Amino acid sequence: MSQSYPFKTVEPKWQGIWERNRTFKAEFPSSKPKYYVLDMFPYPSGAGLHVGHPEGYTATDILSRYKRMCGFNVLHPMGWDAFGLPAERYAVRTGIHPAVTTEQNIRTFRGQIKRLGFSYDWDREFSTTDPDYYRWTQWIFLKLYEKGLAYEAEVPVNWCPAQGTVLANEEVQDGKYVETGDPVERRNMRQWMLRITSYAERLLSGLETLDWPESIKEMQRNWIGRSEGADVTFQIADSDRTFTVFTTRPDTLYGSTYCVFSPEHPLVRAVTLPQQRAAVEEYQAAARMRSDLERTELAKEKSGVFTGAYAINPVNESRIPIWIADYVLMSYGSGAIMAVPAHDERDWEFARTFELPIIEVVSGGNIEEAAYTGDGTLVNSGLIEGLPVPEAKAKITAWLEDKGLGKAKVQYRLRDWLFSRQRYWGEPFPLLHLEDATVVPLPEASLPLTLPELEDYRPTEQGDPPLARATEWVRTVDPGSGKPAHRELNTMPQWAGSCWYYLRFMDPQNQKEAWSAEAEKYWMPVDLYVGGAEHAVLHLLYSRFWHKVLFDCGLVHTEEPFQKLFNQGMILAYSYRDEGGKYYTEKEVEEKDGKFFVRDSNTPVEAKIEKMSKSKYNVINPDEVIDEYGADAMRLYEMFMGPLDIMKPWQMKGVEGVSRFLDRVWRLGTEVTDSALNEDQNKLLHKTIKAVTGDLDSMRFNTAIARLMEFVNALTPMSERPRPLMETLILLLSPFAPHLAEEMWEGLGHTETLAYEPWPAYDESFLKEDSVEIVVQINGKVRAKLSVGVDEEKQGIESKALGLESVQRWLGGSRIKHVVVVPKRLVNIVLEKGA
Ligand code: ANZ
């Protein structure tokens, strides 16, 4: 047998065997229990796979293999999330159709993923851009439409003329698109919206049933942003107009010294006095350039303009000025607020800037110095004077309701989902517009509505979607009425295809339905979903929303799609930079006495752990790692780097280390004896099985590998190795390093794949330790260690501890007050004071 693991021949051999035999095909129907383990499927970008992808994929693959061996019928699929802007931008630059580049990129990704030996059921692969798939995306859209959850509205959007499309709030900073620096403006546009806000309460309460990281749940809670408070109606002075504000602090009404309208508030024009008009309009124009996110930053300097109008505070009839300011957003509440500078930080800053009165109404702070937002007793507050905050809230709300001046209200930060894009490379909407402006859904039987071929995909500055150029496709007739009609020109956003792909994986070849009821009943929910934390809100919230709608349609039987979620930590890398700022690759530098230099020179470089990026020359290409060390080493290293959920830097030395470990396993060879195990060997065997099994169940892959390394250390010096030891080693290692394991399994005379071998079981009776080590303390300080039998009585332990020579030395004749014995843990000898 060769000295090192010959991965170059072994790995392709087993990948071929698995593929030919469809080893990892998920069965359906099946009498076995199911386990559905899902990866967040990738966007097949032109850059190919990076080492971050295989991190999560390796973890799910290990679990898939482990669960199969535990007797589960495992669904472990892979596919492609392939609609989206990058492919379209590339098409605009090169003139190559997005369908062609998508196809090429998928081929690259598939090849790279297959080289890692992942046990996907490839018969279930699809791309969101397949008409056979998006046919059903369109079908689900029709369900949303039928339920009144999809509607058209004129809404304010971040419009980027240069990119020719709307942008999300998160993509805009200082009035510019963060990626390109192109200017962005606010404008109203007719868009398709999805009524996700109708599901706000269920999206919130459903979180309680999920086994997800608390941080992600918290991000979703914040995103949904539930606030309890009241709507309060204010009269505009000397006019019969009124307006409403939403407040979470109706108890502070007596402290409201001014009101603020958002610059986009519909009443601004009507209330502004002529002499204020120019200033107000200028302010409105400036606000249009800012995103909501920027406008509401706490630290931002407060700006605003007085409209000249006054409002009447309903509780005390005082006249308070109406301002406009951009820290009030049109998209939240009613777009107007009652400002209470004594008890709201932003209002306090604003009042200080513009010298507006600050009246304390809740005691407990020092409003000269800062807004007081804590609890306390109401002061200067008429009706609610002297009450604690919660009671004051209840009383004033009841009073307002009674007078018809307000009512209790639950407000969500969540907005309806802007669901249309002015782009080419997305799913067409299955909708027709008739000449009288009515909208007609396409009949289900006519789906898919395929994307037309287009020569020119460029977006336009005016916002007309590129699909307008497909004139033949656009003009059509309504099959129901025979009337002339034109198609919807917008396409669906990137997120549509990923909202439900996990359902299609259950039944991907079904031509009659999106999925069969039987398959859904068996496979759902997803037992484990692994992916990056960057999807905390958008994808993970959108898909939960669609799933709940499908649940309400009776199309799925669980309220939630993903029972357990796990986020892998980002993989970072070392970057090396000299004083002049020039970067070097890892190969170009060398280490001398813990310092780094450009190889064969005295030029020092600074080593820093950073995000991988092309410009820093620190991107790790998985293909190169596989070429040099093999897939099993790559997989093992990805897991051995550290706990799955933390950030950690890639280090080639570490890959070398695990590859040497695999060589050591390989050198153990497949010569085994049929001799029985001695007691030590039995103990070693069962201890290892138990530890590795426990680590797998709790996804502690790095420690599982460490146990296997210890096991190999113990096996190496043995002059002969009994079969059960070697077979168990191979089976335990197989989820991590499946190619090497299959090859050695075959070497032991097996003719079938080990993928369905029963997972080794451990026997507790071998694990009983007959002695334990306990510590001996004197006055609480550890002074010695002692080995005692597990069943040793307290008295015996005490006398052994006192008999220790080292303990005697520490005592040095001092008087003992008493001795505490905690079996299996410790002995504490307590001395008389002053002794
Ligand atoms: C008076 C008040 C007094 C407020 C006080 C707070 C503290 P959350 O928790 O986010 O729901 N507000 C309401 N609509 C707004 C808008 N469109 N843009 C900016 N701010 C808005 O916050 C609700 C509070 O944010 C509301 O309660 C309102 O200020 C402000 F001592 O009303 B409050």
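The values are calculated or read from the model by the stated rules, or taken from the named source; none is laboratory data. Since this is a predicted model, take the numbers as computed values, not measurements. Cβ sites come from the backbone with ideal geometry, for glycine too, and all protein chains shown count toward neighbours. These area figures cover heavy atoms from the full protein model, side chains too; ligands, DNA and RNA do not enter into them. Shrake-Rupley method; radii C 1.70, N 1.55, O 1.52, S 1.80 Å.
Observations on the model:
Every residue, every condition in (1) open to solvent by less than 70 Å² (accessible area, probe 1.4 Å); (2) at pLDDT 95 or above, yes or no:
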| site | (1), (2) |
| --- | --- |
| ARG190 | no, no |
| GLU201 | no, yes |
| GLU218 | no, yes |
| ASN222 | no, yes |
| SER227 | yes, yes |
| VAL232 | yes, yes |
| ILE236 | yes, yes |
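- Qualifying residue in region 204-216 (condition: touching a Ser or Thr at 6+ places or on another chain (Cβ under 6 Å) and either outside any helix (DSSP H, G or I) or at pLDDT 95 or above (or both)): no
Okay, residues lined up against (1) out of contact with any strand residue (DSSP E or B) (no Cβ under 6 Å at 6 or more places or on another chain); (2) open to solvent by 20 Å² or more (accessible area, probe 1.4 Å):
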site: HIS50; (1), (2): yes, yes
site: GLU55; (1), (2): no, no
site: ALA82; (1), (2): no, no
site: ILE106; (1), (2): no, no
site: ASP121; (1), (2): yes, no
site: ASP132; (1), (2): yes, yes
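- Residue count for region 63-103, restricted to those that are over 18 Å from LEU38 (Cα atoms), in contact (Cβ under 8 Å) with a residue 24 or more places away in the chain and among the polar types (S, T, N, Q): 2
- Scanning region 374-401 for residues that are free of Cβ contacts under 8 Å to residues at least 40 places away in the same chain, open to solvent by 50 Å² or more (accessible area, probe 1.4 Å) and either farther than 18 Å from ASP231 by Cα or aliphatic (A, V, I, L, M) (or both) yields ASP375, THR377, GLU385, PRO388, ALA394, ALA398.
- ARG186 being part of a strand (DSSP E or B) and within 16 Å of the ligand (Cβ to nearest atom): yes
- Selection status of ALA761, within 30 Å of TRP14 (Cβ to Cβ), open to solvent by less than 40 Å² (accessible area, probe 1.4 Å), within 44 Å of the chain's Cα centre (by Cα) and touching a residue at least 12 places away in the same chain (Cβ under 8 Å): no
- Members of region 314-342 that are under 24 Å from THR197 (Cβ atoms) and either over 38 Å from the mean Cα position of the chain (by Cα) or within 9 Å of the ligand (Cβ to nearest atom) (or both): TYR327, VAL328, LEU329, MET330, SER331, TYR332, GLY333, SER334, GLY335, ALA336, ILE337, MET338
- Taken over region 253-292, the criterion of being part of a helix (DSSP H, G or I) and within 14 Å of the ligand (Cβ to nearest atom) is satisfied by LEU253, TYR254, GLY255, VAL268, ALA287, ASP292.
- Qualifying residues in region 568-585 (those that are touching a helix residue (DSSP H, G or I) at 6+ places or on another chain (Cβ under 6 Å) and over 14 Å from GLU55 (Cα atoms)) - the one least open to solvent (accessible area, probe 1.4 Å): SER575
- Filter result (open to solvent by 100 Å² or more (accessible area, probe 1.4 Å) and either assigned to a strand (DSSP E or B) or touching a Cys at 6+ places or on another chain (Cβ under 7 Å) (or both)) within region 789-835: LYS817
Okay, residues lined up against (1) touching a strand residue (DSSP E or B) at 6+ places or on another chain (Cβ under 6 Å); (2) within 30 Å of ILE646 (Cβ to Cβ); (3) at pLDDT 95 or above; (4) in a loop (DSSP other than H, G, I, E, B):
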position	(1), (2), (3), (4)
HIS686	no, no, yes, no
ASP695	no, yes, yes, no
ILE705	no, yes, yes, no
GLU710	no, yes, yes, no
ASN713	no, yes, yes, no
SER719	no, no, no, yes
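- Pairs with Cβ under 7 Å, 6+ apart, first in region 598-611 and farther than 15 Å from GLY581 by Cβ, second surrounded by 14 or more Cβ atoms within 10 Å (Cβ to Cβ) and of a type in the set (Phe, Trp, Tyr): ILE609/TYR574
- Given (1) more than 12 Å from the ligand (Cβ to nearest atom); (2) assigned to a loop (DSSP other than H, G, I, E, B), index of the condition ALA311 fails: (2)
- Scan region 217-252 for residues that are more than 16 Å from the ligand (Cβ to nearest atom), assigned to a strand (DSSP E or B) and of a type outside the set (Val, Ile, Thr) and the total you get is 1.
Every residue, every condition in (1) touching a residue at least 60 places away in the same chain (Cβ under 8 Å); (2) of a type in the set (A, V, I, L, M), yes or no:
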| site | (1), (2) |
| --- | --- |
| MET40 | yes, yes |
| GLY111 | no, no |
| SER119 | yes, no |
| PHE126 | yes, no |
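- Take the conditions (1) open to solvent by 60 Å² or more (accessible area, probe 1.4 Å); (2) touching a Leu at 6+ places or on another chain (Cβ under 8 Å); (3) over 30 Å from ASP416 (Cα atoms); GLY308 misses just one of them, which is (1).
- Hits in region 148-207 (condition: of a type in the set (A, V, I, L, M, F, W, C) and within 24 Å of the chain's Cα centre (by Cα)): VAL166, LEU167, ALA168, VAL172, VAL178, MET193, LEU194, ILE196, ALA200, LEU203, LEU204, LEU207
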